[in-house]
Amino acid sequence: MRAFSHYLAITLFSLFSLFAAGHAAAGHHGEKQDIVAVAAGNEDFSTLVAAVQAAGLVEVLQGDGPFTVFAPTNDAFAKLPEGTVEMLLLPENKDKLVQVLTYHVVPGKVMAQDVVGMDRAPTVQGENVSITVHGGKVSVNDAQVLATDVEASNGVIHVIDTVLLP
């Protein structure tokens, strides 16, 4: 699983709003945008975008990929204990932030139909996330998947309601 460490700078920078998921990924002339462009274009991911920028992972997530990103919304970040986001965004905590963000990224393009058949997935951070399906709902660790298969030019994003912590 550590064979993917060269992707360490990959994080989870993502995505769309739950409603515009299918349309926001399309750029000019119908071309898909990369993961960074998709996330930056949606205010529901402003905290994620700020984290990716603070971690220095923007260029990595604009790379060829493919990447699968489990992308927490602003509401997901708001569930963290008070002061956690601010602490992680401090320059002296960049390594911790990179660890958290890369824990949300799985190498390769894993679509929803593939995710539901898995019980775990290796992350770029080096540890596995657990995947469970109960009553038609998919969870990654303790996070519920809210939207799936938001395609970008360099991967796919699945929107989650909780920040994953390694």
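At-a-glance table
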{"item": "Top-ranked residue of the range 133-145 - restricted to ones that are of a type outside the set (G, A, S) and modelled with pLDDT of 95 or more, ranked as farthest from V38 (Cα to Cα)", "result": "N141"}
{"item": "All strands (runs of 3 or more DSSP E) inside the range 79-166 with 2 or more residues being touching a residue at least 60 places away in the same chain (Cβ under 8 Å) and closer than 20 Å to L61 by Cα", "result": "105-107, 143-152, 155-160"}
{"item": "Residue among V60, V52 that is closer than 16 Å to L164 by Cα, modelled with pLDDT of 85 or more and not acidic (D, E)", "result": "V52"}
{"item": "In the range 80-119, the residues that are closer than 12 Å to L165 by Cβ and touching a strand residue (DSSP E or B) at 6+ places or on another chain (Cβ under 9 Å)", "result": "Y103, H104"}
{"item": "Hey, L101 in contact with an Asp or Glu (Cβ under 9 Å, 6 or more places away or on another chain) and buried (at least 19 other Cβ atoms within 10 Å of the Cβ) or not", "result": "no"}
{"item": "Q125, sole failed condition from (1) within 22 Å of D44 (Cβ to Cβ); (2) crowded, with 20+ Cβ neighbours inside 10 Å", "result": "(1)"}
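The values are calculated or read from the model by the stated rules, or taken from the named source; none is laboratory data. Computed from a prediction, not measured in an experiment: that's the story for all the values here. Positions of Cβ are generated from backbone atoms using ideal geometry, with glycine treated the same way; all protein chains shown enter the neighbour counts.
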